[in-house]
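A.B. asks: Mind having a look at this structure? Questions to follow.
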Amino acid sequence: MLEFALAFEKVLTRWPDNTSWTIAQIADFTNSSVSTAVDAISTTLNREFDIQETITPNEGRQVLAALKDRLHRQLEAREKRIQADRDAAMRAYDLTMERIRTSQMVKDWRGSYKTLSYFVGRYDKNISHDLLVSLCGDCIRLGHKAGFNMQEIGQWFRKAVEAAILSGSQEVLEDVLDFVDAYAEIFATDRNGVGGKILNNALNVLEIPAIDCNLGLQWTNLNTAYRG
């Protein structure tokens, strides 16, 4: 039920006003079983629901409030675990950046890349989306300087795009569009065509989220610049 409550909270942020959703739709949107959705909604609204019955956004907010009240101890414990993981990640981040500053002073790009890529791979779930996007850019820059191939550095391009989309934040999406502009040339000029495919895929998956966040013009400018 905790996982349903967390997923349902995200669903509520994109639930259009004056639109009712069926229980089956809510189960689908939250990646939950229908029985879990029926149980959560029936219990909190105090009546039995069929999977094709609908609830309003206002009823959805009532459901979430009731779930949070019922699960408050589990939510508090979860938040403590998340904060502890974040604190550990930031301690590791400070140590990592100090090592990278030292290795960059002697132009050890390969060592710098390996150090940073290890950190990002280990702690990507415990740092903010905007920091993750920034570090993915650093991985691309260092990996390119160190001579790693497109498949290797392309993973950071994809990870940054994925992080921005998952964030659902207009600010982070704007950052990743700037990120694409900053690093697109590296991929667009790849003679083997691998980089071009990575760039094209990124632009494709960013189109709808950019439009949804009123960043369509910025996406169009990128699309025109790199795909004509």
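The values are calculated or read from the model by the stated rules, or taken from the named source; none is laboratory data. Values in this document were obtained by computation on a predicted structure and should not be read as measured data. Every residue, glycine as well, gets a Cβ built from its backbone with ideal geometry; the counts of neighbours run over all protein chains shown.
A.B. asks: Does ALA65 fit the bill of being within 30 Å of GLN170 (Cβ to Cβ), in a helix (DSSP H, G or I) and assigned by TED's automatic domain parsing to the domain that holds ALA146?
C.D. replies: No; evaluated as a whole, the condition is false for this residue.
A.B. asks: Looking at this structure, is PHE148 aromatic (Phe, Trp, Tyr), assigned by TED's automatic domain parsing to the domain that holds ILE127, part of a helix (DSSP H, G or I) and over 30 Å from ARG14 (Cβ atoms)?
C.D. replies: Considered against the rule, which asks whether it is aromatic (Phe, Trp, Tyr), assigned by TED's automatic domain parsing to the domain that holds ILE127, part of a helix (DSSP H, G or I) and over 30 Å from ARG14 (Cβ atoms), PHE148 comes out as no.
A.B. asks: Only residues in the range 2-28 that are touching a residue at least 60 places away in the same chain (Cβ under 8 Å) count as the first member; pair them with residues that are part of a helix (DSSP H, G or I), Cβ under 6 angstrom, at least 6 apart or cross-chain, and list the lot.
C.D. replies: Close Cβ pairs (under 6 Å, with a partner that is part of a helix (DSSP H, G or I)) amount to LEU2/GLN74; PHE4/THR36; PHE4/ALA40; ALA5/LEU67.
A.B. asks: Answer yes or no: is there a residue in the range 19-26 that is in a helix (DSSP H, G or I) and exposed (fewer than 11 other Cβ atoms within 10 Å of the Cβ).
C.D. replies: No, because not a single residue in the range 19-26 is in a helix (DSSP H, G or I) and exposed (fewer than 11 other Cβ atoms within 10 Å of the Cβ).
A.B. asks: Related question: Which members of the range 146-170 meet the condition of being exposed (fewer than 15 other Cβ atoms within 10 Å of the Cβ) and at pLDDT 90 or above?
C.D. replies: Result: GLY147, ASN149, GLN151, ARG158.
A.B. asks: Another one. Report the residue count in the range 179-202 for those that are surrounded by fewer than 19 Cβ atoms within 10 Å (Cβ to Cβ) and either more than 20 Å from SER134 (Cβ to Cβ) or not small (Gly, Ala, Ser) (or both).
C.D. replies: 13
A.B. asks: Here's a follow-up. For the range 97-137, give me each residue that is part of a helix (DSSP H, G or I) and out of contact with any helix residue (DSSP H, G or I) (no Cβ under 6 Å at 6 or more places or on another chain).
C.D. replies: MET97, GLU98, ARG101, THR102, MET105, LYS114, TYR118, GLY121, ARG122, LEU131, SER134
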